[in-house]
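The structure appears right after this line, and notes come after that.
Values in this text are rule-based calculations from the coordinates and carry no lab data. This is a predicted model, so every value here is computed, not measured. Cβ placement follows ideal geometry from the backbone for every residue including glycine, while neighbour counts extend to all protein chains displayed.
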Amino acid sequence: MNQLNSLFEALLRACAVVSGLVFASAAILISLNVVLRNVGGVTLFGLLDAVEYGLLLATFLGAPWVLSKNAHVTVDLVTGALPERLSEPLSRVTALIGFLICASLLWYATDAALASATRGSMIRTAFTIPEWWVLSVLPVSLALMCVEFLRQAAAPRSGARQATGL
């Protein structure tokens, strides 16, 4: 089981690295595009479309890692005030609710990606690409988040209670 956890955490880290590289590339390429436009009057063809797809990819690939680190936005006014003996079961319940929500979204995202692939739908912008390429990142992300929510439901972090900004 420890080996599976280690492999899963390595997969989440790889997703986070890809996400970070996409954000960094977008920042560098947008800056380069601004310089090229102001200096030479030329722009990088298709950059804005590539950045849009990159932002989608980076956001959805980064989300499971953020969830695993408990670094997402939380409203913990209730759970922060509860004693540990009550907050732990509540954490398990909220993780199961998160799993159910992600599982339902996973169902619909997978259905949409498969329907798009079956229809052969294409996106025509600066690039012409199959629509399912863009849609496929959602099921991957949601599946990873389902696994992470189940891990949190099975074993909530004892150190999950952190000081808040309030």
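Built from the Cα atoms of the stretch 9-94, the convex hull projects on average onto 7.9 nm², one quarter of its surface area.
Extent along the principal axes, Cα only, for the stretch 2-160: 64, 40, 33 Å, with the longest axis given first.
In the chain, Cα pairs under 8 Å separated by at least six residues give a relative contact order of 26 percent. For the residues Leu138, Leu55, Leu106, a GNM of the chain with alpha-carbon springs under 10 Å puts the largest fluctuation on Leu55.
With neighbour counts taken as other beta-carbon atoms within 10 Å, the residues Val73, Val140 rank, fewest first, as Val73, Val140. Structure remark: mean-square fluctuation, Gaussian network model of the chain, C-alpha springs under 10 Å; the largest value among Val93, Val17, Val35 belongs to Val35. When both the stretch 13-29 and the stretch 70-136 are represented by their alpha-carbon centers, they are found 20 Å apart.
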